[in-house]
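See structure below.
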Amino acid sequence: MEQSEFEDIAKHIWQKANCTALSMSVSGDEAEDIAQETMLKLWTLRGDISDATHAERLACCMARHMAIDCHRRKRTVTINDARGVIDEKAPHPETSAEDNENMAWLKKRLAELPPTEYQILRLRQVEMKTYDEIAEALGIRPTSVSTLLARARAKLLKDIRERRI
């Protein structure tokens, strides 16, 4: 490849090398360094490059390998063998089982609520709607919303207290 041909495609090849490096999860600055180093190596090999496609493929391959090298050069965190293998932040299996059981129980109790009370409870607690918005959506008075919401909450609280005893 002649010097003029290389200069014509250099910008495009630099962008390809930069994109390739970025796709390998290196930082923007590292990607630019990799692209620049790729261009320098291609410049030295320009006599052996046959055409633009060959140069582009070679640039992508070089950039990929340089990005891998960049990751390898970074310091890695060593594992402390003195600590246990079990992750202390992960919940204990018994706790996880209790949580699953509690969620199943709560879903069952919510399903047993009358449909209007369930809708009002969901609109207020999950979707954070105001009493007026709920009343408008369901076609009832705002005072009825507060009454039905209090009734649904009281039922759930009663069930929770009975379950704990």
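The values are calculated or read from the model by the stated rules, or taken from the named source; none is laboratory data. These figures come from a predicted structure and were not determined experimentally. Here the Cβ positions follow ideal geometry from the backbone for every residue, glycine too, while neighbour counts run over all protein chains shown. Accessible surface areas use protein heavy atoms only, side chains included; no ligands, DNA or RNA. Shrake-Rupley method; radii C 1.70, N 1.55, O 1.52, S 1.80 Å.
List of remarks:
- Residues of segment 114-165 satisfying the condition of being outside any helix (DSSP H, G or I) and β-branched (Val, Ile, Thr): 126, 130, 140, 165
- Residues of segment 30-40 satisfying the condition of being surrounded by fewer than 14 Cβ atoms within 10 Å (Cβ to Cβ) and not hydrophobic (A, V, I, L, M, F, W, C): 36
- Taking segment 151-165 as the range and being of a type in the set (A, V, I, L, M) and surrounded by 12 or more Cβ atoms within 10 Å (Cβ to Cβ) as the test, the residues that pass are 152, 156, 160.
- Condition met for residue 101 (surrounded by 11 or more Cβ atoms within 10 Å (Cβ to Cβ), at pLDDT 85 or above and assigned to a helix (DSSP H, G or I)): no
- In segment 15-29, residue most open to solvent (accessible area, probe 1.4 Å) [restricted to those that are small (Gly, Ala, Ser) and part of a loop (DSSP other than H, G, I, E, B)]: 25
- First in segment 139-164 and over 15 Å from residue 118 (Cα atoms), second anywhere and open to solvent by less than 40 Å² (accessible area, probe 1.4 Å) and not β-branched (Val, Ile, Thr), Cβ under 7 Å, 6 or more apart: 141/135; 142/135
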